[in-house]
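Taking it in order: structure first as structure tokens, then the write-up.
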Amino acid sequence: QVQLVESGGGLVQPGGSLRLSCAASGSIFSIYVMGWYRQAPGKQRELVATVLTRGGVTNYADSVKGRFTISKDSAKYTPYLQMNSLKPEDTAVYYCTAGLVLERPSDYWGQGTQVTVSS
């Protein structure tokens with residue numbers, strides 16, 4: 001079993017930056033892929049980015065490509081999401097996830113952290 005705890009959310013103005021962190025514990029060596037989802041009120045949950053625990057290959061949603069960067073501390077299994085050039089439409093609850101296989105990156109979920117982009 002894997003436990004995930006996000007941190008780093010908050011209120012930021014459009015064009016600003018935030019860095020989200022995800023502390024993983026438990027059976028962390030079983031994790032194959034880690035990712036970030038987000039869900040805004042009234043909207044469908046969206047996969048934002050993923051990173052493989054072996055090799056570090058990353059993938060991004062088109063809506064955040066070029067603005068967001070996912071990275072990982074290999075020793076601690078602590079993924080980060082660096083968010084730059086934030087837009088109001090980025091406002092959502094962001095969830096850290098972990099998966100045992102590439103095709104299913106969300107076997108485990110964190111509690112979520114609120115990101116609000118507003119002037």
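The values are calculated or read from the model by the stated rules, or taken from the named source; none is laboratory data. Given the structure is predicted, the values throughout are model-derived calculations rather than measurements. Cβ sites come from the backbone with ideal geometry, for glycine too, and all protein chains shown count toward neighbours. All accessible areas refer to the heavy atoms of the entire protein, side chains included, with ligands and DNA or RNA removed. Shrake-Rupley method; radii C 1.70, N 1.55, O 1.52, S 1.80 Å.
Residues that are closer than 14 Å to Tyr94 by Cβ and either open to solvent by less than 70 Å² (accessible area, probe 1.4 Å) or out of contact with any Lys or Arg (no Cβ under 6 Å at 6 or more places or on another chain) (or both) within the range 37-59 comprise Tyr37, Arg38, Ala40, Pro41, Lys43, Arg45, Leu47, Val48, Ala49, Thr50, listed in sequence order.
Among residues of the range 85-106 being assigned to a loop (DSSP other than H, G, I, E, B) and within 14 Å of the chain's Cα centre (by Cα), the one that is nearest to Gly42 (Cα to Cα) is Thr91. Number of residues in the range 52-72 that are in a loop (DSSP other than H, G, I, E, B) and not charged (D, E, K, R): the value is 8. Per the listing Ala24, Ala75, Ala49, the residue uniquely among the small types (Gly, Ala, Ser), assigned to a strand (DSSP E or B) and modelled with pLDDT under 95 is Ala24.
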